[in-house]
Every structure is written in structure tokens, then in C-alpha cells.
Amino acid sequence: MSKNKSEKGFWASIFPTIGSVIGTFFYDYFFDDPKRPGIMRFSFPARTLHWVTAVLIILLGFTGLILFVPGWGTIAVAGWTRIIHRICVYIFAVVLVLYFVTYRKNCLDYIKESFTWTREDLGWLRAAVDYYLGGEESKMPPQGRINPGQKIWQLITILCGAIFFITGAIMTFAKGAVAPGVFQWCVFTHDIAFIIGGCMLVVHVVLGALHPRMSESLRSMITGKISVEYAKSHYGKWYEEISKKQA
Amino acid sequence: MELTRRDFLKLSGGGVVGAAFLGMFNPDSLLEAVPIDIPLRKEKIGEKTTICPYCAVGCSLIVASVDGKAVNIEGDPDHPINEGSLCSKGSALIQVVNNTRRLSKVLYRAPGAYEWQEKSWDWAIERIARNIKKMRDENWIHKDGNGRVVNRTEAIANDGSAAVNNEEAYLITKLCRTMGMTYIEHCARLCHSSTVGALGSSFGRGAMTNHWIDLKNSDCIMIIGSNAAENHPLSFKWITKAMEKEAKLISVDPRFTRTSSKADIYAKMRSGTDVAFIGGMIKYVIEDIERHSANYNMTYIKEYTNATLLIDPNFRGPADLDGLFSGYNANKRSYDRSTWVYQLDGKGIPKRDLSLKDSNCVFQILKKHFSRYDVDTVCSITGTPKDVYLKVSKTYAMTGRADKAGTILYAMGATQHTNAVQMIRSYAILQLLLGNIGVAGGGINAARGQSNVQGSTDHAILYHILPGYLKTPSPEDVDLKTYLKNHTPMSNDPLSANWWQNYKKYIVSLLKAWYGNAAVAPDFAYEYLAKVEGNHSHIAITEAIHKGIIRGLLSWGHNTAVSGPNGNMERADLAKLDWLVVPELWESETAAFWKRPGVDPGQIKTEVFLLPAKASLEKEGSITNSGRWSQWRYECCQAPGMAQTDLWILTKLAKKLKDLYAQEGGAYPDPILNLTWEYGDGPDVHKVAKEINGYDLTTGKLLPSFTKLKDDGTTSSGNWLYCGSYTETGNMAARRDLTPDKFNTGLYPGWAWCWPVNRRILYNRASVELDGKPWNSTTPVVVWNPWRSVWEGDVPDGGWPPMSQKGTRLPFIMTSEGRGHLFAPGEALKDGPIPEHYEPWESPVKNLMSGTQNDPVVTIWESDMDFTGSPDKYPIVCTTFRVSEHWQAGQMSRNLPWLVELMPEMFVEIGEELAHEKGIGYGQKVIVESARGEIEAVAMVTKRFSPFAIDGRKVHEIGMPWHWGYMGLSTGDSANLLTANIGDANTTIPEYKAFLCNVRAK
Amino acid sequence: MAKAMLMDVTRCIGCRACQIACKQWHDLPEVHTTNLGTYENPPDLSADTWTRIEFRELDDHGTLKWLFSKHQCMHCTDAACVKVCPTGALKRDPYFGFVTYERDKCSGCGYCIEFCPFHIPRKDEHANKLLGTGLMGGKCDFCFDRVSNGLEPACAKACPTGAIKFGERDDLIREGRQRVMTLKKDYPDANLYGEQELGGLHMLYVFAERPSVYDFPENPEMPAAAISLPIEKWTGVGLGLLAGAGMLTASVVARARMIQEEKENVKEQE
């Protein structure tokens, strides 16, 4: 009885909180004042793609994790997780294709950006540990639109994504047609991609949503904008570029 | 109280044992303690036993049922033959009882109707009885053209069955004979009638000489004309055991079969050339006997066979007469057999020449006859590679040593030919020369097909015999005295037991069993028996229906629309009947002939009664396996709907007929009115079994053995051979005593009961030396104990002391002179006292042995539906066979989903070379055509068929199973649409195994 | 203690009683088949067919041979399927040594199907390939219930010739070796299969020819991927936890530093 009461109390306090967070999220996403001062960082389609894939990746990751973590498999009895996994991946594929067809330039830029590495990127690397661990800003050279860390993340989404799709497709459609060994190593590789991608996802989520240095990161993926100060401090080089362009 | 699964099993088992009911399986005997306790999937494993309804190995099964529904069926681990094992069919038996395709209602098809109608039993029985009565009364023949009393009707025929229990088979015979019917047949005609003819004329009895377990005692097993691995799979339990003891297995077959796959030597042989094949072996043995007589059992040959006996000097054989024997009349297509007899001395005893040198002695006649069967000639007839043939001859001849035993296992491959009896005779001659008859591991093992075909043959659902192999009276047998004079063999030889001298005791006891108080001296109601004239066998029935003689047919589950030869004629003929009665488990092809593809039911005026019958494990009774073991079955589960036993149907019918004749009279009602039929309303199968056994009518007690039968009317016995099967000590067929025999050779004398007098190996007194010591002391069958002056071991075949003592008798007590017949004298066989090779009726080659192409005395049927194919149009030899997974005409397997899964479609096996020539691919559809019809089948292109080199020519052979038809779960064309109405010279068994065809891709 | 079955192919007559006895005991329905020009049927193992006899015609230097061999779960000691099964539906029974399968625990991932060195498990018949529905259909369970109640497996019991024998694994190995010795005279390639393979199979074979002639792998091995998968998984879990913990720590440390700096800045300004 008492337990029930306290539980009720807990949920009574938590629901409005969750509700307000989600509410804010949706309000900001759909009804953000376009005249609000700040610099546009993520276009509406880019943000939409991000959140759609985010939901899909969470579902895919969760259903994958159940089979991945030793001992958790029993949750998957009767195979309901795989049905979700499959439905998500088919949606994922459709979304990607549609997005690519519609916003080809964005996509190609994304890929090009991810694969373009310069000497300057080393400077970030040197300063990264102090910056992210210690919050030491001073040593960090000014960055472009995305910093090398974000570039690594983009690269990983492309590479791991490709691995996921290829091995997954083989396991789904070519089962029995390929040699058992191929399937077996597909399972292995799918898992490797899951480990790399999964770890990086953890890093991505923590940095994006929790890390104190990245204070505007999450909000920017909702509203699309960052403040001028934030742009100066985090993406100095890029800020200069766009300032020049505007001028 | 909470019971564990094992407690439950123990309790249910204990209940059964507590009932002290012999024959019940005790499930507790199965279980042993194991520490892990996981509940069994099935509530029970088995409680009651039944005998498998498929082949005649006679395996036992245990059946568990819940509320009358079978839940588990598996092999009976206590059974000495199958020891818990089963084949695929036996394993699928549960689908016979739990099957929605089973008939559960009485169905009636009115003339011209397009559908069945549901009817009540009372209605159907009344209508069938009235049909029978009307047909009988209108077609009653009191006297024949010569004025002789014949008391018969030829308008009604009976067909079947070998699938019913002994008691039912006996009642079919009893009722049909009483009705005066003469066309009384069943499938034994189609499978092993030639066995009875051949083995009877060779040894005195027409049955498998040994038994299944005894195969393990053999040193060499020659399987010829049988595919035991597929059609009697459990025989291989014992063959395998023999092979583990270094026995050799020889497989002789046109086709490399599953049997061949296990053989040490596989010899291929063109279908229908057995006499040539064995003839060459006989020649080899005879020559080897002359060279190395120490390797052969000369005492056996001289004393136990008729090798030393002299034959009429006027006798001439094929060596002299171009393939014919002396006495041939070409116009009548028959022999005057007066020269095929022994020379008798003054006392009427056959003369002998112990030196075997006299040119008229049987040994010299054989030698001369078979000298023509040299290896080259034989191999160019049979197509066997010469080296393989010599290896077979040499290997098998080694069993000629006194302490070695060889057995020949055969089945339809031998029995279904125009000279089938002679083929089996050739096996008998070989076995007698090698001293292999009567010994453990020897004998001629005729592998009977249907589960109870031995029993149904013993009970004589065959036109030419009465129960116990008594002859059907013919018009010449005007009274009992004449009948006995004509059929009781005589012998003046004091050494000959001539058992058939007891003939009168058996026929009188039979008549007492059938007609009770009406059977009084001197004729004991003999006049009630119909006098039969001519051939009334299966083919004759078809031809008689065709001619309109037969107009009513009782077909007890015999699916002749699939199994009869010249199937198109069989099927067309059914439409000529006024009425057809089919007690069946399924809607068979025969029952549904009027709606078969390609016919308009409206045009078919036949009235059809399809009566739902109970399956084997839904009823009680005994059945006799191939090894002559009569075993008891129990009612293990409930039958669907209205299904009834054949026993019940027969009883209802008999009572109704008796009532009708009592009330309304009719043609010669006496036999019907006086027919004894007191089995209660149930009816009680035990009462029938007891009647078959017989009573001492003065005391009312059951008789212990046929030696107690009398010829004065004071005893009764429905079948003298079965006298001793149900005695005052109990139901002998139900015994389950596993105590081994004294010499532990696998006889199991306390298990079930075996005719005659529980003797497990026939002619077993030939297994000993003249002083009673066994030829082979490791596996003796009987041994004379000189101190106690008794035989020990199996029940001796005649209890007289050994040959060296006074008052002895020769070991073959059923032949008139007491010896095994190398030469079958007198009237025994129609086409010769010794076998001669003739080509099958349809053959692509000329007979290389003589100018006589075919068996010269076969009956040629010449209706408008009988056709013969010529080799120019049909150059390919075709044979038919069965597969392990299907059963005969298919009702019992093509309705079972599991068996259909294993063998789903009709197919034809074609050798790779022929397939290449004809452009036929693996699994492709092909058309096979003969002079009688054409069928479609899937081509099974295989290495297992290869062409034969016959007389320098290449001859192809193909083969196909004959299980399919147009009804059932799996349907397909019937192979028998291609086969011909041509039968064996002696028994008219159709030549299913060799005919001509052509094949083309579809 | 470990039980096994020994199939002596030289004694098999291809009657397929084992196939039906298996279906009878397990109440497995029929498979709809067609004649494909061979006696062999059903054409493959499936959810409804747990054992089947394969037929091979072999022309061995002019001698025709017709070979029959029984195929079903081999009940490996080191079973790949058990290793890769994520749900524990496939387990190795430590007492008898059988590989047991509990359908109500299966997730239908199909790893067992692809990792089995003998290619034995099969998916349910009516599985949707796109959605990946359906479970592993079922496989030979060694009649575990029968064996634990002191009965023989249904197939071994039904076998007419004793080609399938059931008993203590050690006894059967002895018997198998002896049989191979006898066979060597006529069949130089005779061999006992399953004694050592994959830690020892519980389905042993006496072959007269090389195993591959009967469609069995000559050297069945645990797939390398099956060995590496568990290692990979534990590594992955470790890395994941490490990344999470690391990043959270970094965030906390960074926040602390930033607050410190803030304070220092305020002090400096003061």
C-alpha cells in the first residue's frame, strides 16, 4: 500500500517534468521564432533527418542489444525484437533514400566533409583531452563548421551504417544462398560495427546532451540555431567565414 | 495423491497384468530407472497388442489409447520376431485409425447415381441379402449338362480377403460355400497361389517351410524374386544377424534393389528367366556331386529325396522333345501324364536304384535334363554376367555340405509368371539336392505378402480348395465315397506315412462343423457342397463377368481395380455387375469405379454397397503369418462411426439369409437352413475360433490336436490344420511365453501357435542323420534321444523313430511315397514333372532352350479386351514391384499422409542408358505403353537398371510400382493397366512380372 | 553415462521406419512432397522432419552401390548452435550429452541454422523472410523424454536391422571400432565418425566409405566465428560501459573545472 502511494507520488512529480521537456522540445522544434537572434546551424530537413534516424537507431540499437548482451537474449523470445529491428531498418533505408534524392547536395557535402582531413585537425587533437575532460578552452584552436571530433562521428555513421546495411542485407536476403561462413562473419562484422558505432553513439549522446562545454548543442539540433557567442567560441573559423559571406 | 509419470505407467500396467489376460503388453517392462525425470510426451506408451496388418512377417505392436482414441503405437519389444522394431508402414499405423478419410457410414450408390447416399446397416444388410437371394435363386444349377448333381450358382462371385482375421476368412468360406458359390477367390491367387502348387508338389505342404527368426541360422541366403528389404523389412533383422555370423547374402533381381544394396553378391537377371538361372545352378551342383560327393549330403539325397526312384521308361523330357514332355496334346494344350510316374515293384512300391546310375532314376533324368543348362546358354538367356553367375553357383553350392544350411527367400518375383510353379519347383529341386529342406537356416521361405494371406489360404477363400487344403468337389465326385476315392492318396510302402490317408477324418469333421446335426452318415451333407468345374480363378472371374455369367460380386477390401491384371478390363467389367458389395476401410478404387476419371456414372447401372469395416487394431481375432504362426490380435481402440468387423457383417448377412430362406423358401434352401451359425449377436470371435479348432462331439470338449479327429461324425473341426489352436488349455494363438526352445535356435515354441501342431520348421525330421543325430549340431531342430526314445526340440514332423529304427517313416509325411520330390510324379503338375525354361508370354527374344516359346499348357484368354504385344512395337521388358513405403493396391498407404510424404507419386524406374536413348531426364514425366493401355509416371532415371545382353542383343528392362490408383490422398496411374490376363499353367496366377512395353518422354 | 546412437550404414536397408517413428512419437505432420526422381523424401530436413535418410547411387569402379545414411542433429559435445544461441533455447544436457532445444525460448535469430557444421537446424516452414518471423522449427531431441524414462529413442527402437543402435556412448564407440575393423577387409575406407569430432558427437556413424560420400563433412569444425562471438560480445559490452562511464566522468570533471574557473574569474574580477 505504502509502496503504491510513494510510487504514485513519484510518477506524479515526474510526469509533468517529462511532459514539459517533451513539450518544450516539440514547441522549439516546430514553433521556434525564426526571428530569434542566433546563427542557423542545422536546416530543418537536417534536423528532421537527425531525429527520425535517432529514434530508429535507438530502436535498432535496443533490439540489437538484447541479442548482443550475453544473457539478455531471453527477452527476445518468439522473435518480437527482430520484427521491430527489421521494420525499423526498412524505414531507415527508405528515409535515407528519400533524403538523398531530395537533398543530394547536403548528403554529398556531409560525405565530403567527413572524408576531408587536414593538418589543422591535429591541433584539435592536441587540445581535445584538456578541452573535453578539463573544460580547458584556451588551447583549442578555432574550428570550422564541424570539429574533427564531430567529423569522426560523421565518418563513423557513414562507415558503420554501410557495414550495418551490407551485412544486415546479406543476413536477411542472402541467407542460405551464401556460404555459411559468409553469414557467420556477417554476424561478427555486424557486431563489430555495433560495438564501434554503439560506443561512439554513447560519446555522441553524452557530448551532445550532457557535456557542459556543449551547452547549446542539443538545443541547436532542435531549433537549428546557436548563439553568436557560442559560434565564436566553438566554431571560430566557421563564424568568421559566414560573417565575411554576410558582409 | 500425486502420481509421477512412471507411477502412472506402472499403475496402468499393473491393472492390465492384474487382469491376468494373456497377450496384454505390460508397459512397466519397458522402463528402467534413470535419474532424470522428464514427463513423456505421450500419456501412455502402450497397453494392448495387435499384429501388424501389412506384410506377413507378423510383427506385434503395442497400442495406447485414451478414451478409445489411439495416442501411441510402437513395436512390441517382447515380440520374438520384431523385438520392438517396425518398418515405415508399421510405424505409420496410427494414421490408419486416426484418419478422417476412414469410412464411418454405410454408403450406397443407386444404379446410375452420381453420388453416394448414407444408409443404415439394417437397410443395407436387408438389401444385400435380398440381392444375393434373388441372384442365387434365379441362377441355381441343380444338375449340369451331363445330368450330374452340382448344386451351385455361378452368378455370384466372392473376392477377398487376406487382410481379415482367420475367423473372418473362415466365415467367408463357410458362407460362400453354403450359398453354392463357385467363384470364390481372394488375393492369394494373385500373390502366392503358385507357391502352394510348387511347394505342395515338392514337399507335401504349400507353405513357407521355416520361419522368420530361423533366417539367422542360415549360412547362405539367396533372395531371388523377392525384395525382402523393402517388402518384408523385418526379415532383414534376422538376415542381418545371419550376416554378422559370416553368412553370405545373394540377391538375384532384374533391378538393383534395397535388398541388393546389402548383398554380398548381386546377380542381375532378366525377368522371367528363373528356371534357366536355377537350372544352371542345378547342373553345377549335379556335376559337382559327381566330382566331389563328399561336399554333399549323399544320405539326404538318396534317402530323403526321390533321386533314387525309377520313373516310367516311357517318360521323355524336353531334351528329347524340343521343350516338351511326353504326352503333350497340342489341341487340348495339355499333357497326358501317364508316363510321369514311378516304376512300381510287385508290392506296388516304387523301384529304386541306390547307385543313382540307372538312366530311369530321377537323378539321371535330372542330370540329362539340366545338362542343357550350361553357363553360356543360361547367361545368354538371363543376361547375368558370367563371372557373377559362377560366383553365385559356387557360393550357394557350398551349402550342400551336411552341416551347412542355405535358404531361398522368394516372393512375387517368382510367383507371378506363366511358369511360376516351375520356377519355384526349380528352387525346391536345388534345395533338395543341397539337403537344405527341414534344417535350421534352410528351407524355402516363401515370403507371403498380406498379413493373413497364409491364414486366408488355409481357410480356402479359393475356388479349388476347402479349408485345410481339401479339394473342392468336382461333378465327377458324385458322392462322398467317390470324392474320397478320387482324392485320398494311396501308398503301399510301409516306410511312407502318407498322411493324407486321413483325408476322410478331415472332410467329415469339416462338414460336421458346418452343418452340425444335418451332417449324418454316410454322406455327412456332402451334397450341400457345390461341385466346381473348370478354372474359376481370378482371371476367370474377370472373364466370366465380361461374359455376363457373374452379375453379383462380394469384394472384401480387395481392390482389384488397382491390383487385377489388365486393369482397364477389370474396371470396365465392374460396370457389368448388377451389384457390388465392398466392405472397406476407405473409399477404394474398386468401390468408386463408377466415378473414376473418364466415365459417366449415369451410364453405369451397378448398385454399389460400401460398408465401413473395422481396421485390424479395432477388432479381435487371430492371423497367420508367413511362418505359419497364428497370433492373436486384441481390440485396441475404437473404430470410426458405424464401422463394424467383417465378422459382424458376415453374421448379419448369414442370419438375414437364413431368415429369408426360412420365411420365403428358394432354390435348394437346405444348406442355408442347416448352416450352423451360433456365435451370438456380438458375434463372439472366440466361438468361431473354437469351431475352427473343433470339438469332440461326444464330450463337447475342444480337441487338442488333429490326430484326435475321427471319420465317423463324432468330431468337428472347421479346419483340421488349425485343430490344436484353441484347446481346453486356452487360446493357443494368444500365448506370449518367451521360453526358448531346448536348442535355442529361435523357435519360441511357447509364443503364439503354429500349424501344424505347433511345428515351427516343416519336414524337420530331414534335419537328422538316419540315427536321429542332427546334420548340424550347432543349430539342431530335432534330436532323437535314444535313452528316452523321444524327439527333443521342435515338434517332429511325424513322431516316428529315426530311419535306422523299426517302425520308422520317411520324413516327408505329406507326399505319398514319403520323400521330397526332385521329380514331381503323376498328376501333381500340369506342365511337367521337372522345370523347363520357357519365355514369358510376352518376351522380346526367342527361347534359346527349345523351340517351345511359352509354357505349352497355359490357358489363353481371348475376350475382346485381351491383347498381346509384339516385340517390334513393344521392345522393352517391363516388370512391376512394390516399395517399402506403400502397401499393395494402396488403400492402406496412399491414405496415410506420412507414407504419401515418403513416396508421393507414381514413378517408373528407367536405366540411365535407356533414358539417354529415349531422351528422358531425371524426374521427367513419361508415358509407358503396352498392348493393353498406357500410363503416365515420373521417370526415376537410375543406375540400378542396366540393359541385359541377351543372345548377343541388348535388351532393356524397366520397372514400376503398382500401388497407385485414382482414389486416396495420392493418386496416380495404375501399373496394372499395362499387365495382361495371362496366368500360370497350374494356378492361373497372372504374369505381372514380365511383359512388353514401350516408353517415351511426355 | 553419456548416451549416444550409432548408425551402421552397412546395416541400413533404407526402409525409413526411423523417419516415421520420429513423426509418430513427436506428432509431427506430413510434408507435402513430389517425386523428384529419387526415393529420397522429404527433400530436406524441416520443422516437421527431424530426421531423414539420404539415398546415394554410386558406381564404384563398376560395382554399383546404393548408400543410405541417416541425417539429423548430431548432438555435438562442443555444439556451435549452443555457443551462438543468444536465448539459451539450445542447451547441452550435461547428463546424457544431448543438445536440447526449447522452442518456447527461441527468438528465431537463426544463428544455429548458419553456424551448425552439419547444417541441420531449419526455420519454420511458414516464416516471413522479410520480417524474419518464425522460430527454429525443431530438430532431433534424442527423444529426451523417452531416454530419461528408460526408453530408447523412437528411431532406434523402430530400426528393423539394428542399423541404429542406442546405448552408452563408450560402449557404442567400442562396438563401432570393432565393426570398422571387420569392415576394413572389404571396405578400406571404413571409418568411425563422431568419436572425436567437435568434442565427440552423440550421433556416431560406421561408414564404409569416406564421410563425404554420404554427404557428411570430412572434418567438421566449430566455426571460428562461433568461437570469437562470445569474446567479441564481452569486449563490446566492456567498451560500451567504458565509453559511457568515461564520458560521464569527463562531463562531471569538466563541469567541476568550469565551475572552478567561473569562481576564479569572479575572484579575479573582484
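The values are calculated or read from the model by the stated rules, or taken from the named source; none is laboratory data. Predicted model only: the values in this text are computed from it and were never measured. A quick note on method: Cβ atoms are made from the backbone with ideal geometry, for glycine too, and the neighbour counts reach across all protein chains shown.
Worth a mention:
- Residue within segment A:164-176 that is facing chain C (nearest Cβ under 9 Å), touching a Gly at 6+ places or on another chain (Cβ under 9 Å) and part of a helix (DSSP H, G or I) present: yes
- Single unsatisfied condition, B:Thr457 versus (1) β-branched (Val, Ile, Thr); (2) surrounded by 21 or more Cβ atoms within 10 Å (Cβ to Cβ); (3) in a loop (DSSP other than H, G, I, E, B): (3)
- With respect to the conditions (1) in a loop (DSSP other than H, G, I, E, B); (2) over 23 Å from C:Trp25 (Cβ atoms); (3) more than 14 Å from chain A (Cβ to nearest Cβ), C:Thr133 falls short on a single one, namely (3).
- Count of segment C:170-214 residues which are of a type in the set (D, E, K, R), at pLDDT 95 or above and over 19 Å from C:Phe96 (Cβ atoms): 6
- Filtering segment B:383-399 for residues that are among the polar types (S, T, N, Q), crowded, with 24+ Cβ neighbours inside 10 Å, touching a Ser or Thr at 6+ places or on another chain (Cβ under 7 Å) and not in a strand (DSSP E or B) leaves an empty set.
- Answer residue from segment C:32-59, given it is touching a residue at least 40 places away in the same chain (Cβ under 8 Å) and either at the interface with chain B (Cβ under 7 Å from one of its Cβ atoms) or outside any loop (DSSP other than H, G, I, E, B) (or both) and is surrounded by the fewest Cβ atoms within 10 Å (Cβ to Cβ) among those: C:Leu58
- Look at (1) within 12 Å of another protein chain (Cβ to nearest Cβ); (2) at pLDDT 90 or above and you find that A:Thr157 fails only one, number (1).
- Evaluation of B:Met243 against (1) within 13 Å of another protein chain (Cβ to nearest Cβ); (2) crowded, with 24+ Cβ neighbours inside 10 Å; (3) assigned to a helix (DSSP H, G or I); (4) not small (Gly, Ala, Ser) (one fails), failing number: (2)
- Condition broken by A:Gln184, with the remaining ones in (1) part of a helix (DSSP H, G or I); (2) within 22 Å of the chain's Cα centre (by Cα) satisfied: (2)
Results for (1) assigned to a loop (DSSP other than H, G, I, E, B); (2) more than 7 Å from chain C (Cβ to nearest Cβ); (3) under 26 Å from the mean Cα position of the chain (by Cα), shown as yes or no for each residue.
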site: B:Leu61; (1), (2), (3): no, yes, yes
site: B:Asn72; (1), (2), (3): no, yes, no
site: B:Ile81; (1), (2), (3): yes, yes, yes
site: B:Gly84; (1), (2), (3): yes, no, yes
site: B:Arg101; (1), (2), (3): yes, yes, no
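- Scan of segment A:18-52 for residues that are over 29 Å from A:Gly236 (Cα atoms) and within 17 Å of the chain's Cα centre (by Cα), ordered by number: A:Val52
- Counting only helices (runs of 4 or more DSSP H) that fall entirely inside segment A:19-136 and contain at least 3 residues that are modelled with pLDDT under 90 and over 30 Å from C:Val84 (Cα atoms), the qualifying elements are A:121-129.
- Sole residue being under 28 Å from the mean Cα position of the chain (by Cα), within 27 Å of B:Leu310 (Cβ to Cβ), aromatic (Phe, Trp, Tyr) and surrounded by 22 or more Cβ atoms within 10 Å (Cβ to Cβ), chosen from B:Tyr373, B:Tyr427, B:Tyr410: B:Tyr427
Conditions (1) under 20 Å from C:Thr77 (Cβ atoms); (2) more than 14 Å from every other protein chain (Cβ to nearest Cβ); (3) charged (D, E, K, R), marked per residue:
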site	(1), (2), (3)
C:Pro160	no, no, no
C:Arg179	no, no, yes
C:Asp189	no, yes, yes
C:Leu192	yes, yes, no
C:Tyr205	yes, yes, no
C:Ala208	no, no, no
C:Glu221	yes, no, yes
C:Ser228	yes, no, no
C:Trp234	no, no, no
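- Filter pass, C:Met1 being assigned to a loop (DSSP other than H, G, I, E, B), modelled with pLDDT under 95, more than 8 Å from every other protein chain (Cβ to nearest Cβ) and out of contact with any helix residue (DSSP H, G or I) (no Cβ under 6 Å at 6 or more places or on another chain): yes
- Test result for B:Val196, β-branched (Val, Ile, Thr), crowded, with 24+ Cβ neighbours inside 10 Å and closer than 30 Å to B:Ser496 by Cα: yes
- Filter result (facing chain C (nearest Cβ under 8 Å) and closer than 14 Å to B:Arg944 by Cα) within segment B:892-933: B:Tyr922
- Every test in (1) closer than 22 Å to C:Leu241 by Cβ; (2) at the interface with chain C (Cβ under 10 Å from one of its Cβ atoms); (3) touching a residue at least 12 places away in the same chain (Cβ under 8 Å) is passed by A:Gly73 save one, and that test is (3).
- Within segment B:590-606, restricting attention to residues that are outside any helix (DSSP H, G or I) and surrounded by fewer than 19 Cβ atoms within 10 Å (Cβ to Cβ), the residue that is farthest from the chain's Cα centre (by Cα) is B:Asp600.
- Of all residues making up segment B:728-787, the number that are buried (at least 23 other Cβ atoms within 10 Å of the Cβ), more than 21 Å from B:Val57 (Cα to Cα) and of a type in the set (Lys, Arg): 1
Matching residues to (1) of a type in the set (A, V, I, L, M, F, W, C); (2) within 30 Å of B:Arg953 (Cα to Cα); (3) buried (at least 21 other Cβ atoms within 10 Å of the Cβ); (4) touching a Pro at 6+ places or on another chain (Cβ under 7 Å):
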site: B:Ile860; (1), (2), (3), (4): yes, yes, no, no
site: B:Ser863; (1), (2), (3), (4): no, no, no, no
site: B:Thr868; (1), (2), (3), (4): no, yes, no, no
site: B:Pro875; (1), (2), (3), (4): no, yes, no, yes
site: B:Cys878; (1), (2), (3), (4): yes, yes, yes, no
site: B:Gln891; (1), (2), (3), (4): no, no, yes, no
site: B:Arg894; (1), (2), (3), (4): no, no, yes, no
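- Residue count, segment A:97-137 (criterion: within 14 Å of chain C (Cβ to nearest Cβ) and of a type in the set (Asp, Glu)): 3
- Of all the numbered requirements in (1) away from chain B (no Cβ under 11 Å); (2) under 11 Å from C:Leu6 (Cα atoms), C:Ile164 misses one, and that requirement is (1).
- Flag for C:Thr87 being over 26 Å from C:Glu232 (Cβ atoms), within 11 Å of chain A (Cβ to nearest Cβ) and either outside any loop (DSSP other than H, G, I, E, B) or β-branched (Val, Ile, Thr) (or both): no
- From the options C:Glu195, C:Glu232, C:Glu175, C:Glu218, residue that is part of a helix (DSSP H, G or I) and either out of contact with any Lys or Arg (no Cβ under 8 Å at 6 or more places or on another chain) or closer than 30 Å to C:Cys85 by Cβ (or both): C:Glu232
- Among the criteria (1) within 25 Å of A:Gly176 (Cβ to Cβ); (2) outside any loop (DSSP other than H, G, I, E, B); (3) facing another protein chain (nearest Cβ under 9 Å), the one C:Leu67 does not fulfil is (1).
- Of residues in segment B:939-967 being more than 14 Å from every other protein chain (Cβ to nearest Cβ) and small (Gly, Ala, Ser), the one farthest from B:Asn227 (Cα to Cα): B:Gly952
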